[in-house]
């Protein structure tokens, strides 16, 4: 009050003077290590509203950018407060300060070892990130006796009870104050014997895990041998989803979302869901070339995860109304025809939903072969007029309305929840769709959409079109027409009269005799060219080698860069046509006299092939940078016994079916490293693993 | 001067290949070439294909301003009327003329290409596209003649532009078939085609497969040295690549890996002897690719090449929305990279021996599509560029379509141009200049015989 009076009296004598004030928000402020905080400064009393940002202490307690973005240090500083000051550039004597409290990081959980614990006393190792001294492992919410090992590892011990046998107990990590927070990742352990009598051969289990998971690791291999394929699938259908980081709370960038994919692929307990979601993401393509922030991408990845085991019709609708897809293929803000601007409805989503996501270009038989007209020509599923009619169906939708905002014809970009209709921008004329279905004039956007999706979903092409692609992604490149027909039949009817049941389709894909044909592959007396053979795509090369080597990875890994070197930047295919086409044929001169599809071969150029050798070199001899490490000890321990070393590599990486000539080659390289030291044993393991996993005998699955 | 086409032994000494794969390199590179020509020219020539993925909008690439000589029905005002919010302001266009006294405008981002056009180093080929046979509007609408398969589909139209087989799926590309026809003229076994854009069907022949180079990536195998252990591991690696196992996919993967290792060895050796180029390339995707192409042309002698084909690409032309922004960005990159590449051919003294040309999935509808930002949909015939000292530049080839919805050139009602020059004719001009005998053109472009008009005379 006194100041204001003084000011008023000053102004009376000195009219040119204007009081400059600075305010900073938020105030007070706090921020977790591993995230960031954006400050805003409001300057009034001058038209020059710029400020400079400083902090105290100036070093050792994080940093503040010229734009006011504060990034904490990697670990909690002492003391855990800093003073952030914004100083007016117009009036350097004027500033405002805020005390910022730095909090412990949010803990994230990647995996628990072992994944099954006995009844009674047990101890576990917990891998993740953001752990601090004083962190506690929670077992079903109960704190366990915890030992802090590192920011990415804790060990804990406790007791489980007979009544819990067979239960899944959720495991979480709670960081202490300041800013105590508990991990939200879904990771659990099963109470019960970890292993029993094996009912399957290791070859079958290992081969199956190349199809239903990102390759075998030692523990899962043992588990599948114990419970069998059917039971493993049941467990997998029930396993909770390994989450992606929530863009709203983590402040993560796209690279950390890509990193989480690899964390989930290597450690996630929902391997099958991750595999299927990744396959669906290569059919229902959006690309991070355009959808390049977690805010855009994560909600879409969550749809794929959630709907991986849902009904295909649900997936179609969720994808169609995804704001991310709407942005990628231009269904959001798709205006009805405008005579004043002479524009027409955008055809992009109309075309690709049918061509790429559901029915394809030509009519198919149940077995996926094209129907032919009397002249032997393929019969198109639709023409340009059909496209223009569907384009009208997809008019009127816009981004979800932000909480608190009012629906507009073109809502501002917002990615949480499904797109919403702005009815007066929907084309209400009648539309003629597939098989002559006519939608009457005057329907709402939602009515038209449901009817159009039903029209496509019920087209007889969907079963063979999607069934064959799921086979190609999960099992092999060249399924027989009979295999496609068996899967398509299950798509059409799961046995209970339900069409589009993806769980039933996935079971049919994975348990088909043709999928299992490679259990005893060409190097174990099986036929030479099995339909279940395919080339590993780069992302799988990385994930499956890491699983086989018992690696650990966390959200700071940079494995995406490794995959990009091999032509596959995670979540960023070059176009809506994915990284490779399902119809890609292996060039004739590579396999004279044999015409085979090999979608993944489209990425396997000569230079990318060299890059794959160099990737394996980095993995085995160099390092993968932060956030990913392998432990060769189990293999190094066999270094003094070369045949046993080769056998172990065969078991984990070649379904126990390493051809004799490959064994001979590996033994030659092992035996050229002489001596008995630990270093020699490690070098032998490195040489043998390098040769095995860089070879085509590993990179081609059967 | 003609030299015999008998395959010459690789001029790079086997020693330069190191221990790696010399034997397999020779066996792979010395397959008999059934299509090879009987005689070969002795000079050097290269073709460079730049594929614009997504379907570049030709309507905003070459805009009629005043064109009484080539199509009096067109004018800037008619263009602007249909294009509406997508119309490029006439003042921003790069104005070019032609031999008929017309005025056209190139997209504002194509400043460098316009300047090259005016210097007669660039020609424009208008309304070229996939065709099986010449096609009138009536024939198309009444389905009275063979029509390309799956028009308006990206993948199919990319494939048809790359295979020059507008019906049915070809297993080989037209670049690959040109290489098949000409391969014997090179004096080494290094692949005639080098792709800096990965695997694309354009590059695949019946007898030839391309070398690939990823611009900016390390060439060759890392992690080996001269220790006994390392030598033994390399020898094991080689044996894994070579022994016969009878499994097709493993064989295919092994062949690709062998090719990659061999090509890297040969290229590393050749590039190490190359003199650095002074031309500065833009630091863009296409700039880096064409810089890599220039470096390889620069060591053509070391590689023993008389004929080379290169494949480069740029994506991002599927402009369903944000077209004014996105196409401008893409075309600026094309124009700047092509200009730098042309400069580099001048620096190397091969400007008259290198021809660069563009391809793309298709053109785009003249009529815009609505949305918060305007774009266009998939169409058909479009306009393309041919660049090089040998090009009869500064002129427009082909017949410019009438820019009218449901007009005489429209396949439907949104301005979808039925091509008046086929890709086969466009390609035949390029292949003929490159040295493919007239008698072999039919093997490269199977449908060429359906077109009675001579190929465009831009070379």
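Read-outs throughout are calculated quantities, based only on the coordinates presented, and are distinct from any laboratory measurement. Remember, predicted model here, so these are calculated numbers, not experimental data. Note that each Cβ is placed from the backbone with ideal geometry, even for glycine, and that neighbours are counted across all protein chains shown.
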Original post:
Using the count of nearby Cβ atoms within 10 Å as a rough guide to exposure, how do A:361, B:261, A:372 rank from fewest to most?
Top reply: A:372, A:361, B:261
**OP:** Any chance you could get the radius of gyration and Dmax over the Cα atoms of region B:150-237, in Å?
**Re:** 18.1, 59
Original post:
Points 7 angstrom from Cα along the Cβ direction at residue B:239 and residue A:25: gap in nanometres?
Top reply: 7.3 nm
Subject >> Rounded Å value of the spacing that divides the Cα centres of region B:191-261 and region A:457-527 >> reply: 33 Å
Original post:
For the protein assembly as shown, what does the alpha-carbon gyration tensor say about shape, rounded, prolate or oblate, given a ≥ b ≥ c as the root eigenvalues, a/c under 1.5 as rounded, and a/b over b/c as prolate?
Top reply: rounded
Subject >> Approximate spin-label separation residue A:293-residue B:218, in nm, with each point projected 7 Å along Cα-to-Cβ >> reply: 3.6 nm
Original post:
In which sequence would A:144, B:338, B:348 go, from the one with the fewest C-beta neighbours within 10 Å to the one with the most?
Top reply: B:348, A:144, B:338
Original post:
Share of antiparallel DSSP beta bridges in chain A, in percent to the nearest 5?
Top reply: 90 percent
Original post:
Can you sort A:55, A:354, B:346 so the residue with the fewest Cβ neighbours within 10 Å comes first?
Top reply: B:346, A:55, A:354
Original post:
Between residue B:283 and residue A:679, what FRET efficiency comes out of the Förster formula 1/(1 + (r/R0)^6) with R0 = 56 Å and r the beta carbon distance, rounded to 0.05?
Top reply: 0.80
Subject >> CD proxy at 222 nm, helix term only [per DSSP H run n ≥ 4: -39500 (n - 2.57); per residue of chain A; nearest 500] >> reply: -10500 deg cm²/dmol
Original post:
By how many nm would the segment from residue B:228 to residue B:73 lengthen if fully extended, with 0.36 nm per residue of separation less the alpha-carbon distance?
Top reply: 48.1 nm
Subject >> Segment residue A:338-residue A:52, length gained on full extension (0.36 nm per residue, minus Cα span) >> reply: 98.1 nm
Original post:
What FRET efficiency, computed as 1/(1 + (r/R0)^6) with R0 = 35 Å and r the Cβ-Cβ distance, is obtained for residue A:81 and residue A:626, rounded to the nearest 0.05?
Top reply: 0.80
**OP:** Jot down the per residue volume, in cubic angstrom and as a whole number, of the convex hull over the alpha-carbon atoms of region A:596-694.
**Re:** 132 Å³
Subject >> Binned Cα-Cα distance frequencies in region B:186-312 - 10 Å width, integer % >> reply: 11, 37, 33, 16, 2
Original post:
For region A:255-372, what class follows from the C-alpha gyration tensor (a ≥ b ≥ c being the square roots of its eigenvalues): rounded when a/c is under 1.5, otherwise prolate if a/b is larger than b/c, else oblate?
Top reply: oblate
Original post:
residue B:44 to residue B:268: FRET efficiency via 1/(1 + (r/R0)^6), r the Cβ-Cβ distance, R0 25 Å, to the nearest 0.05?
Top reply: 0.70
**OP:** Once you have the Cα-Cα distance between residue A:199 and residue A:671, take 0.36 nm times their residue separation minus that, and quote the gain in nm to one decimal.
**Re:** 166.3 nm
Original post:
From the square roots a ≥ b ≥ c of the eigenvalues of the alpha-carbon gyration tensor of region A:534-701, which class results: rounded (a/c under 1.5), prolate (a/b over b/c), or oblate?
Top reply: oblate
Subject >> Highest to lowest packing among B:270-276, B:54-60, scored as the average C-beta count within 10 Å >> reply: B:54-60, B:270-276
Original post:
Using alpha-carbon positions, what is the distance between the centroids of region B:281-351 and region A:350-375, in Å?
Top reply: 37 Å
Subject >> Translational diffusion of region A:352-501, µm² s⁻¹ [Kirkwood Rh, Cα pairs; Stokes-Einstein; 37 °C; 0.692 mPa s] >> reply: 189 µm²/s
